[in-house]
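The values are calculated or read from the model by the stated rules, or taken from the named source; none is laboratory data. Note that the structure is a prediction, hence the values are computed from the model and not measured. Positions of Cβ are backbone-derived with ideal geometry, glycine not excepted, and every protein chain shown enters the neighbour counts. Protein only, heavy atoms only, side chains kept; ligands, DNA and RNA dropped before computing areas. Shrake-Rupley method; radii C 1.70, N 1.55, O 1.52, S 1.80 Å.
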Amino acid sequence: MEETETTAAVADPDSLVSRVEDFFLHRLTTIHGFKLRRSQLDMAIAVAEHLTEGGPLAVEAGTGTGKSLAYLVPLMLRNSPEEAPAIVATKTVQLQDQLLKKDIPILQGLLSTPRKVVQAKGWSNYVCIRKVETPDEQALRELGPYLPELRRQLINSGGKLTRQEAVLARRHWERIKADPLDCQKRNCPHFSSCGLFAERRELETAEIIVTNHAFLLTDLRLQREGRGLLPKGDVLVVDEAHRLDDVATEHLAVRFDPDRVYSIISSPLLNGNDGWLAACRFTFLMALPEVDFLEWSGFFDQVVLLNLKNLENLCSDIFVELQMVSQGQPRLALRPLLFDSRGERLANLCSELCMGLEEASSGMQAMCRDYEEKFEASPPPELLRLSQSLAGFGYDLQFLLECDSSDWVYLVESDPTSLVARPVDNAEALRVELFETFHSCIVTSASLRVNDSFHFFKSRSGLTDGTSELVIDSPFKVAENTFLGFSTSGPNPGSPEYPAYLAPWLISLAANLGGRLFLLTTSHRRVQEFHALLSPELATYGIEVLAQGEEPAPQLLKRFSSAGRYVLIGVDTFWEGVDIPGERLSCVVMTRLPFPVPSDELFQARSELIENAGGNAFYDLSMPLVGLKLKQGFGRLLRTESDKGIFLLTDPRASTKSYGNKLLKNIPCAGAYRGPTEEVFQRALEWSYLNLDFCRTSPHEDGLTE
Ligand code: SF4
């Protein structure tokens with residue numbers, strides 16, 4: 001790297017690589033607290049080279065690398081082709097906030113000409129000014145006391161009030177959020193001051209767009225229908241890229257769910273004479289001669305109003321039926337159900353709805369055609385949009401009912417009650433419709449490789465073999481600052497007696513650490529079992545046990561990070577993306593290797609795909625998934641250079657099975673202690689006395705007393 005960069009700098013001092021290097025060495029170092037790290041500069045130079053040459057680059061950058069600055073600096077310094085912005089997509093809001101509120105403002109302050117950076121968010125993140133200024137009766141009833149403050153906030157924010165800023169309960173926000181279906185667009189009296197459209201216009205001239213994976217993939221789906229939201233970019237940076245495949249599985253899914261029914265069918269019917277439909281009807285009839293008024297208002301009511309009401313009733317019947325047939329199971333394969341007597345009524349209702357959607361859509365289109373021909377006037381565009389949405393919805397429902405493509409997994413899901421088809425493999429869509437549409441792509445995360453190879457990540461996310469690879473090790477002294485312990489004894493972690501077996505040691509460790517412990521399990525049932533076992537005893541030490549599900553995850557994390565003694569028990573969400581620097585989180589205990597649930601339909605379909613292609617589902621799918629999760633879980637512990645902590649994996653399979661040793665290669669386990677559970681915990685306690693300052697202070701001096 002040293003040689004390349006010197007050569008580039010000598011050959012062309014104006015090259016992006018040279019400018020990036022110069023920026024790090026002479027600008028960033030003027031910032032108080034900035035510490036120049038060779039590894040961060042290496043990553044920035046590699047990114048700069050790729051922005052110049054094009055093509056994809058995958059960077060695994062260990063915690064503490066400072067990868068966001070390493071890609072932001074080249075993005076800010078590049079000469080962007082006209083009207084072709086760079087798009088940066090993250091998975092979490094926390095990282096987006098860090099980019100927009102911390103990193104980018106620092107860099108802008110160091111540039112002679114700041115770059116135009118715009119955030120792209122989905123509709124539901126914006127307030128609809130019209131709904132705040134002229135609320136319907138129901139909104140007035142529910143939101144009355146909040147309206148003056150909301151209006152004041154709207155003025156102060158220049159119409160760009162977002163969901164976070166409004167600080168409203170979810171049900172209140174639902175009443176005033178912007179919605180593409182009831183938006184009056186150019187006909188809205190607030191169009192010129194509407195924050196949503198102002199920001200959408202800003203996207204057109206942005207040089208850097210910051211968004212999330214969900215928006216990026218929703219855009220991909222909408223591009224298929226010619227309704228994309230993002231302008232064509234020339235550079236794509238995907239941070240937290242290890243989650244891209246999961247988000248694609250979610251956002252490229254085809255659905256029949258309450259949100260979609262609400263958005264397409266129910267919301268036009270809301271609010272009677274003040275609602276969307278009444279406004280549309282008024283516009284429709286306004287252009288007519290008086291003599292035709294009565295006849296055409298009857299047409300409108302029959303073709304639009306009545307049809308929507310019938311469709312809404314039919315959808316309600318389907319949701320009731322779905323609840324009946326799924327009997328509370330979170331997921332159920334749809335195909336066997338539809339071809340079984342249990343699903344007969346469901347299939348009939350869905351077929352009826354398909355026909356109803358088709359008839360309603362074609363009826364509206366025919367009415368609009370007649371209207372145009374007879375009155376030489378254009379029908380309201382929102383009516384045409386509604387008919388298209390109904391047709392698209394019918395098409396998707398038909399696709400769900402056919403259940404005949406092996407590229408999809410067809411499911412009945414209970415949260416929310418819905419019919420869903422999820423793509424088995426997103427690689428092709430991501431490659432063709434996302435990565436190949438950019439001149440260069442940078443994908444990065446702290447955990448992309450499994451057993452030192454990018455192969456699994458690349459194959460799942462559609463990156464070709466030609467993708468360049470870069471590994472930047474964490475600058476943290478992991479071996480020095482961590483105690484790693486792996487149990488070799490104990491019952492199977494899936495057995496009923498396992499929580500009771502582990503509880504006494506967990507209690508003694510948590511009591512010694514004053515809480516500060518994350519307990520990662522693999523099922524919600526286990527969360528409850530551990531909670532019941534640990535809570536009473538830890539309460540006697542003044543330690544509260546928090547369990548995932550009892551409050552929203554951000555609130556639980558806020559409490560855990562605040563003053564007070566806490567143990568947090570969690571499943572999936574807490575295995576990754578949690579950033580609690582310092583001693584508040586000093587111990588992570590994983591109770592079980594996080595293997596996928598074998599009965600999960602999506603996992604089964606993916607396994608089948610691998611086996612049919614001659615692979616081995618255990619080694620080519622299960623193991624890499626567990627390896628990545630292990631890496632992520634371990635990554636929760638050390639978040640800053642000075643952090644110290646304990647990482648315990650109590651599942652004996654990790655040490656006693658041959659595949660366990662392979663899996664452990666995904667975490668830096670040189671010097672780890674392996675032994676019976678009691679010894680692992682005993683050594684962890686001893687290590688904590690020697691290495692964690694707060695363990696040597698009295699409970700009242702450990703900084704956790706509120
Ligand atoms: S333009 Fe649409 S979203 Fe904006 S205020 Fe008007 S109706 Fe609401």
So how tilted is helix 195-205 from the main axis of the chain? Cα-based, degrees 0 to 90, rounded to 10. 70 degrees
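For region 316-397, state which chymotrypsin sites (Phe, Trp or Tyr not before Pro) are in a DSSP loop and have at most 15 other beta carbons lying within 10 Å of their beta carbon.
Taking region 316-397 and a limit of 15 other Cβ atoms within 10 Å, the loop chymotrypsin sites (Phe, Trp or Tyr not before Pro) found are Phe339.
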Please report, as a whole percent, how much of the solvent-accessible surface of the chain comes from carbon and sulfur atoms (probe radius 1.4 Å). 51 percent
Region 478-701 - charge dipole about Cα centre, Lys and Arg +1 at Cβ, Asp and Glu -1, debye rounded to 20: 280 debye
Just to confirm the number: angle between the C-alpha axis of helix 38-53 and the first principal axis of the chain, 0 to 90 degrees, nearest 10? 40 degrees
Which far-off residues, 5 or more places away or on another chain, put their amide H under 5 Å from the one on Tyr126, with H placed in the peptide plane? Ala178
Farthest toward positive dipole pole in the chain [+1 Lys/Arg, -1 Asp/Glu at C-beta], among Ala58, Gly515, Gly144: Gly515
May I ask you to compute the full-extension gain from Glu174 to Asp12, defined as 0.36 nm times their residue separation minus their alpha-carbon distance, rounded to one decimal in nm? 52.8 nm
Can you show me the helix-derived [θ] at 222 nm for the chain, built from DSSP H runs with n ≥ 4 at -39,500 (n - 2.57) apiece and divided by the number of residues, rounded to the nearest 500. -14000 deg cm²/dmol
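Kindly sort Thr29, Thr134, Thr63 by accessible area of their heavy atoms, largest first, with the probe set to 1.4 Å.
On the way: Thr29 60, Thr134 95, Thr63 35 Å².
Ranked from most to least accessible, the order is Thr134, Thr29, Thr63.
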Once both axes come from the Cα atoms, what is the angle between helix 147-156 and the longest principal axis of the chain, in degrees from 0 to 90, rounded to 10? 70 degrees
Treat each spin label as a single point 7 Å out from the Cα along the C-beta direction, and report the Ala198 to Ala613 distance in nm. 4.8 nm
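Charges at C-beta only: +1 for Lys and Arg, -1 for Asp and Glu. How large is the resulting dipole of the chain about its Cα centre, in Debye rounded to 20?
1780 debye
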Restricting to Cα pairs under 8 Å and 6 or more apart, the percent relative contact order of region 27-83 works out to 38 percent
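So if R0 is 60 Å, what FRET efficiency would Thr205 and Glu402 give, r being the distance between their Cβ atoms, rounded to the nearest 0.05?
My answer for the efficiency is 0.85.
Could you sort Ser453, Ser297 by accessible area so the largest value comes first, with the probe set to 1.4 Å?
Heavy-atom accessible area, descending, gives Ser453, Ser297.
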Among Leu556, Leu484, Gly570 the positive-end extreme of the charge dipole of region 478-701 (Cβ point charges): Leu484
How large is the accessible surface of Asp182 in square angstrom, using a 1.4 angstrom probe and rounding to the nearest 10? 30 Å²
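With only Lys, Arg, Asp and Glu charged, each at its Cβ (+1 for the first two, -1 for the last two), find how big the charge dipole of region 255-423 is about the Cα centre; round to the nearest 20 debye. Could the numbers behind the result be given before it?
Numbers: 12 positive and 26 negative charges, 98 e Å.
The dipole magnitude comes to about 460 debye.
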Between Val210 and residues 5 or more places away or on another chain, which pairs have amide H atoms under 5 Å apart, with H built 1.01 Å from N, and which residues are they? Val88, Val118, Gln119, Ala120
Tabulate in residue order the Karplus-calculated ³J(HN,Hα) for region 315-327, using 6.51 cos²θ - 1.76 cosθ + 1.60 with θ = phi - 60°, rounded to whole Hz; enter x for Gly and Pro. 4, 4, 4, 5, 5, 4, 5, 4, 5, 5, 6, 7, 6
Just to be sure I understand the model, the point goes 7 Å from the Cα along the line to the Cβ. What's the resulting Glu53 to Lys374 distance in nm? 6.7 nm
So in the chain, what percent of DSSP beta bridges are antiparallel if you round to the nearest 5? 25 percent
Probe radius 1.4 Å, ligands and nucleic acids left out: which of Lys102, Lys665, Lys644 has the largest accessible area, and how do the rest follow? Lys665, Lys102, Lys644
Tell me the accessible surface of Asp579 in square angstrom (1.4 angstrom probe, heavy atoms of protein chains only), to the nearest ten. 100 Å²
Would you pull out the residues with amide H under 5 Å of Leu236's amide H, same chain only if 5 or more places away, H placed 1.01 Å from N? Ile87, Ser440, Cys441, Ile442
Per-residue ³J(HN,Hα) for region 591-601, Karplus 6.51 cos²θ - 1.76 cosθ + 1.60, θ = phi - 60°, Hz, x for Gly and Pro: 8, 7, 4, x, 5, x, 6, x, 7, 5, 4
Would you check the accessible area of Glu358, probe 1.4 Å, heavy atoms only, in square angstrom rounded to 10? 110 Å²
Keeping every protein chain present and rolling a 1.4 Å probe, give me the accessible area per residue for the chain in Å². 45 Å²
Considering the options Pro596, Tyr659, Ala617, tell which one lies farthest towards the positive end of the dipole of the chain, charges being +1 on Lys and Arg and -1 on Asp and Glu at the Cβ, about the Cα centre. Tyr659
Under 17 Å from a point 7 Å along the Cα-to-Cβ line of Asp22: which residues of region 103-135 have their amide N that close? 110-114
